[in-house]
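The values are calculated or read from the model by the stated rules, or taken from the named source; none is laboratory data. None of the values given here were measured: they were computed from a predicted structure. In this analysis, Cβ positions are derived from the backbone assuming ideal geometry, glycine residues included, and neighbour counts consider all displayed protein chains. Accessible surface is based on the protein model in full, side chains and every heavy atom, while ligands, DNA and RNA are left aside. Shrake-Rupley method; radii C 1.70, N 1.55, O 1.52, S 1.80 Å.
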Protein chains: 2
Amino acid sequence: MKSVQPPLCPMEALLRVITGPWTIYILWVLSEQGPQRFGALKRLVPGISTRVLTERLRMLEHAGVVWREQAMTIPPAVTYGLTERGAELRGVLDKLGSIARRWEAEGAFVGTASAAE
Amino acid sequence: MKSVQPPLCPMEALLRVITGPWTIYILWVLSEQGPQRFGALKRLVPGISTRVLTERLRMLEHAGVVWREQAMTIPPAVTYGLTERGAELRGVLDKLGSIARRWEAEGAFVGTASAAE
DNA sequence: GAAAGTAGGCACTTAAAAGTAACTAGATTA
DNA sequence: TAATCTAGTTACTTTTAAGTGCCTACTTTC
């Protein structure tokens with residue numbers, strides 16, 4: 001038995017890609033700091049577990065939002081960066097971000113969760 | 001012991017508002033069909049449980065995205081609709097939606113989950 | 001010869017989110 | 001008199017996601 005879930009929207013699919021606790025943060029870092037290696041990325045997203053970071057990167061890669069480049073050297077070096085699609089996404093996310101900041105200033109998120117504490 | 005969670009972004013806060021399985025769907029319905037009463041809304045979002053619908057509406061109301069109007073009649077009649085903030089949100093969501101549709105056409109979400117099955 | 005560094009994989013546990021179902025109140029209708 | 005309608009609430013269960021820690025392979029460095 002599976003949950004019902006709204007079926008239609010491609011939007012749901014997109015949101016399922018960009019949401020989840022750390023995803024936007026990762027995209028943000030890749031966008032601001034440029035392409036990063038796995039370890040560096042992990043350090044730049046403090047608190048994330050390898051497991052989740054790996055999973056998110058796989059998912060983003062699969063959706064074509066980030067690219068992955070593996071150098072077959074012996075301590076393997078893997079680098080991740082934003083694709084064109086990722087950049088495109090960032091455009092909208094920036095707009096969303098400016099709304100978010102304004103709303104925050106207006107106090108929209110006060111008790112919504114993730115407030116202080 | 002609490003989970004760490006990325007602290008900074010107001011964006012995370014906003015995304016926490018608009019995500020969750022049914023939220024956008026609800027916003028979409030309110031945007032397309034206009035203000036609706038609770039029961040009608042539930043019928044327009046097939047498969048959702050009262051529990052989740054209530055919770056989402058409370059959260060959206062709290063964030064100032066939807067308004068709630070209760071007529072104190074005896075079978076109580078409660079109506080929900082989009083606020084100005086909700087309309088503003090819809091603007092961006094539309095953009096995100098057009099990206100989503102394009103990406104879908106390009107096959108971005110094929111194995112991302114929520115694909116056919 | 002031992003330790004460290006890279007990019008994860010795998011198994012196990014825990015916590016959060018969602019589903020399910022039963023229940024409320026008072027007027028109206030059959 | 002009993003059932004129905006509205007807009008939920010509450011308790012309980014299930015599902016899903018996330019966190020934690022341990023393990024690998026090979027080379028270079030100490």
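Considering B:ARG56, B:ARG68, which residue is out of contact with any Cys (no Cβ under 7 Å at 6 or more places or on another chain) and either open to solvent by 70 Å² or more (accessible area, probe 1.4 Å) or within 11 Å of chain A (Cβ to nearest Cβ) (or both)?
After applying the criteria, what remains is B:ARG68.
Looking at the range A:79-105 only, could you name the residues that are acidic (Asp, Glu) and more than 7 Å from chain B (Cβ to nearest Cβ)?
A:GLU84, A:ASP94
With respect to B:SER31, is the statement that it is more than 18 Å from A:PHE109 (Cα to Cα), touching a helix residue (DSSP H, G or I) at 6+ places or on another chain (Cβ under 7 Å) and open to solvent by 30 Å² or more (accessible area, probe 1.4 Å) true?
For B:SER31, the condition - more than 18 Å from A:PHE109 (Cα to Cα), touching a helix residue (DSSP H, G or I) at 6+ places or on another chain (Cβ under 7 Å) and open to solvent by 30 Å² or more (accessible area, probe 1.4 Å) - is met.
Going by the structure shown, is B:GLY47 at pLDDT 95 or above, of a type outside the set (S, T, N, Q) and out of contact with any Lys or Arg (no Cβ under 8 Å at 6 or more places or on another chain)?
On the way: at pLDDT 95 or above: no; of a type outside the set (S, T, N, Q): yes; out of contact with any Lys or Arg (no Cβ under 8 Å at 6 or more places or on another chain): yes.
No.
For A:VAL78, work out the one condition from (1) part of a helix (DSSP H, G or I); (2) farther than 22 Å from B:THR23 by Cα; (3) of a type in the set (A, V, I, L, M, F, W, C) it doesn't fulfil.
With (1) part of a helix (DSSP H, G or I); (2) farther than 22 Å from B:THR23 by Cα; (3) of a type in the set (A, V, I, L, M, F, W, C) applied to A:VAL78, the lone miss is (1).
Which fully enclosed helices (runs of 4 or more DSSP H) of the range A:5-48 have 2 or more residues being at the interface with another protein chain (Cβ under 7 Å from one of its Cβ atoms)?
Output list reads A:10-18, A:23-33.
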